[in-house]
Amino acid sequence: VVKAFEMEIMPAERVVAQIGDTLILTCNTTGCASPRFSWRAQMDNPLAGKVSNHGTYSTLTMNPVSIVNSHLYICSVICDTTNDEKKKKEKHVKVELYSFPSDPIIEINPSLVAGEPATVICKIPDVYPSDHLEVLLKKDEHVLHREDFFQDSSTNTETKIVTYTFHPTAADIGKEITCVAMLPIANMDFEPKERTSSQKLNANFGPQNTTITVSPDNSLREGETLNLTCVTQSNPPAQIVWSKYSAKESIQHLIKNNVLSIPHVHFNDSGRYICEVINLVTNKTEKSTVDIIIQGAPVITKLSIEPSTTVQEGENVSIQCSAESNPPPKIILRRKSDNAHMGPYSARSILLPSVTFQNGGDYECVAKNAFGNSRSEITLNVKYGPKNTMITVIPTAALKEGETVTMKCTSSGNPAPVISWNKKKATGESEKISKNATLTIQNLKSQDLGLYECEAYNEFGKEEKAVKLYVQARLEEPDQMIPLLIAFSSAAAVAVPAVAILIYVSRQAKINGSYSLVKALRLKV
């Protein structure tokens, strides 16, 4: 059976192609052994494609499809018959083009700052025909912006751009900005006709709403643990620096952490604490402060003597005491005494103009408040020359020749005076006879008479006292006694005026002594 000459074109009548893709049109025949094919575009436009003949069919390949391929394409076939007849057939196909090759591209500044203008850019690449393009910008499901290009007159593929400016908030962090591009062309079957892209928002903001929480309370007792926590809202997380504003108007930097913990708080931990938060991206800083009060027993911070704890008699002396606590302490500064009376007494200081040796001793500072008390001591050491030098003679009753007499010299001074004894010679010169405070003369004889001098000295002065020993023998008549006299008188006093003391003693005269001073004494009477 001989088939009739027929032809067909595929795709038939109408084809939708995307610019940039590959499109193959096929012209196929039956009932003709050696067909001759030809292709042309309507209005004699260029084919803009490659023709390939393969016996009974021919192809027109457009690779890639471009805007110039938007035409009506006609395939003509001529078939030579055996009786030299020529049969010709034609068919056409309309090529319709679009371009919607990829999802939109979203551009958002990665360093958005909450509250400040932010711009979202959505790019729809290589779209055609753009006069059908519709674009939506959404934040999650909320439509921010809608734009169409119905009035566009582009004749080729173009990248269309949609721009929208808004003010992000801290609540926008994590939400999605979505660009929805739609190309709804009637009677054109292609997919997809809608493309979307999304990007999460990451708005930088803060610091803001910075607060400090205190545990256990703003007012604590000494020894408790204080915890301060700094809370702020910031993206990216803020850098936190703790510092303390002291009463001396200075800033003490502490730690870089959101929690400041102080175990066993002390009175000195009282003050204003500052939490400073810094966002290095937004370049913003915020501060929060809290006042902390530490209550407890007083602490004596200073107990001093000026110009020194060791002074010389006559200098001006100031004794100062200070203490710290909350509530403020009551301060008592006083001189300690062996008896119940304490003095002098002062609230915080004692002034001693032209200090004397009686002012020396221990001074006590007592600080008190409702939580307890504290005390401290300091010693004032007053240096002075010898004073109150005195001579004591033992026994004080009448002496007899051959007995023992003890003379003791005492003196006060700081440092303790060195005491020595001298005896006046007949020539008037002094002879050092002892370096002890106590001078003992045994087996009294007439040559022991004379002037005895006690000398007390230290680096700040010298004081002298003297005693004159008069020896008188017994009269010739038996049992008749004449008083013997030892007289004390001041010879030289450097630091304190002399004091004269008379002590009466007696000496028993020999009845048949080997020597007699009666005449000599009588001459003096």
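The values are calculated or read from the model by the stated rules, or taken from the named source; none is laboratory data. Please read these numbers as outputs of a predicted model, since none were measured by experiment. Using ideal geometry, Cβ is built from the backbone for each residue, glycine included, and neighbour counts are taken over all protein chains shown. For accessibility, only protein heavy atoms count, side chains too; no ligands or nucleic acids. Shrake-Rupley method; radii C 1.70, N 1.55, O 1.52, S 1.80 Å.
Taking the options Lys3, Lys89, name whichever one is touching a strand residue (DSSP E or B) at 6+ places or on another chain (Cβ under 7 Å), more than 30 Å from Gly206 (Cα to Cα) and part of a strand (DSSP E or B).
Only one candidate qualifies: Lys89.
Could you identify the single residue in Glu324, Glu286, Glu364 that is open to solvent by 40 Å² or more (accessible area, probe 1.4 Å) and modelled with pLDDT of 90 or more?
When all the criteria are applied, what remains is Glu286.
Which of the residues spanning the range 414-454 are among the hydroxyl-bearing types (Ser, Thr, Tyr) and either part of a loop (DSSP other than H, G, I, E, B) or open to solvent by less than 40 Å² (accessible area, probe 1.4 Å) (or both)?
Ser420, Thr427, Ser434, Ser446, Tyr452
Would you check if Thr301 is closer than 30 Å to Cys230 by Cα and in a strand (DSSP E or B)?
The answer is no for Thr301.
Considering only the range 1-54, how many residues are polar (S, T, N, Q), touching a Phe, Trp or Tyr at 6+ places or on another chain (Cβ under 9 Å) and under 26 Å from Ile67 (Cβ atoms)?
3
Going by what's in this entry, would Leu133 be described as farther than 30 Å from Thr169 by Cβ, more than 60 Å from the chain's Cα centre (by Cα), surrounded by 14 or more Cβ atoms within 10 Å (Cβ to Cβ) and assigned by the TED database to the domain that holds Met182?
yes
In the range 219-234, which residues are in contact (Cβ under 8 Å) with a residue 60 or more places away in the chain and closer than 25 Å to Pro168 by Cα?
Gln233
Please work out which one of (1) touching a Leu at 6+ places or on another chain (Cβ under 7 Å); (2) loosely packed, with under 15 Cβ neighbours inside 10 Å is the condition Ile9 fails and give its number.
It is condition (2) that Ile9 fails.
Check whether at least one residue in the range 174-197 is modelled with pLDDT of 90 or more, over 24 Å from Val143 (Cβ atoms) and under 21 Å from the mean Cα position of the chain (by Cα), and report yes or no.
Checking the range 174-197: not a single residue is modelled with pLDDT of 90 or more, over 24 Å from Val143 (Cβ atoms) and under 21 Å from the mean Cα position of the chain (by Cα).
Only one residue in Asn53, Asn69 is open to solvent by 80 Å² or more (accessible area, probe 1.4 Å) and outside the structural domain of Asp189 (by the TED database), so which one is that?
Going through Asn53, Asn69 in turn, the sole match is Asn53.
So, of the residues in the range 162-173 that are open to solvent by 60 Å² or more (accessible area, probe 1.4 Å) and touching a Gly at 6+ places or on another chain (Cβ under 8 Å), which turns out to be modelled with the lowest pLDDT?
Checked the range 162-173; the qualifying residue modelled with the lowest pLDDT is Thr169.
As an exercise: evaluate Ser411 against (1) in a strand (DSSP E or B); (2) surrounded by fewer than 17 Cβ atoms within 10 Å (Cβ to Cβ); (3) at pLDDT 50 or above and give the number of the one condition it does not meet.
Only one criterion in (1) in a strand (DSSP E or B); (2) surrounded by fewer than 17 Cβ atoms within 10 Å (Cβ to Cβ); (3) at pLDDT 50 or above is unmet by Ser411, namely (2).
May I ask you to list pairs of residues, at least six apart or on different chains, whose Cβ atoms are under 8 Å apart, with the first in the range 347-367 being outside the structural domain of Val317 (by the TED database) and the second being part of a strand (DSSP E or B) and open to solvent by less than 60 Å² (accessible area, probe 1.4 Å)?
That search, which allows pairs on different chains as well, returns nothing.
Got at least one residue in the range 45-63 being in a loop (DSSP other than H, G, I, E, B) and among the basic types (Lys, Arg)?
no
If you check Pro216 against the conditions, is it free of Cβ contacts under 8 Å to residues at least 12 places away in the same chain, surrounded by fewer than 17 Cβ atoms within 10 Å (Cβ to Cβ) and over 30 Å from Val143 (Cα atoms)?
Criteria met by Pro216.
Taking the conditions exactly as written (modelled with pLDDT under 90 and on the phi > 0 side of the Ramachandran plot), does Asn443 satisfy them or not?
When the stated conditions are applied, Asn443 passes them.
Could you tell me how many of the residues in the range 30-76 are without any contact (Cβ under 8 Å) to a residue 12 or more places away in the chain and touching a His at 6+ places or on another chain (Cβ under 9 Å)?
Count: 0.
In this structure, does Lys424 turn out to be closer than 21 Å to Lys387 by Cβ, touching a residue at least 12 places away in the same chain (Cβ under 8 Å) and assigned by the TED database to the domain that holds Met390?
no
Can you find a residue in the range 108-118 that is open to solvent by 50 Å² or more (accessible area, probe 1.4 Å) and in a strand (DSSP E or B)?
Within the range 108-118 (the criterion being open to solvent by 50 Å² or more (accessible area, probe 1.4 Å) and in a strand (DSSP E or B)), the answer is no, since none of the residues qualifies.
Looking at the range 245-270 only, could you name the residues that are closer than 19 Å to Asn326 by Cα, open to solvent by less than 70 Å² (accessible area, probe 1.4 Å) and at pLDDT 90 or above?
Listed by number, the residues that qualify are Ile262, Val265.
With the structure loaded, tell me whether Leu475 is hydrophobic (A, V, I, L, M, F, W, C), at pLDDT below 90, open to solvent by 20 Å² or more (accessible area, probe 1.4 Å) and in the same structural domain as Ser412 (by the TED database) or whether it fails that test.
No: the conditions fail for Leu475.
If you take the residues of the range 333-354 that are assigned to a loop (DSSP other than H, G, I, E, B) and of a type in the set (Gly, Ala, Ser), which of them is modelled with the highest pLDDT?
The residue in question is Ser354.
Where residues in the range 190-213 are small (Gly, Ala, Ser) and buried (at least 19 other Cβ atoms within 10 Å of the Cβ), which of them is farthest from Val120 (Cα to Cα)?
Top of the filtered list is Gly206.
Would you check if Lys94 is assigned by the TED database to the domain that holds Ser34 and either open to solvent by less than 60 Å² (accessible area, probe 1.4 Å) or over 54 Å from the mean Cα position of the chain (by Cα) (or both)?
For Lys94, the condition - assigned by the TED database to the domain that holds Ser34 and either open to solvent by less than 60 Å² (accessible area, probe 1.4 Å) or over 54 Å from the mean Cα position of the chain (by Cα) (or both) - is met.
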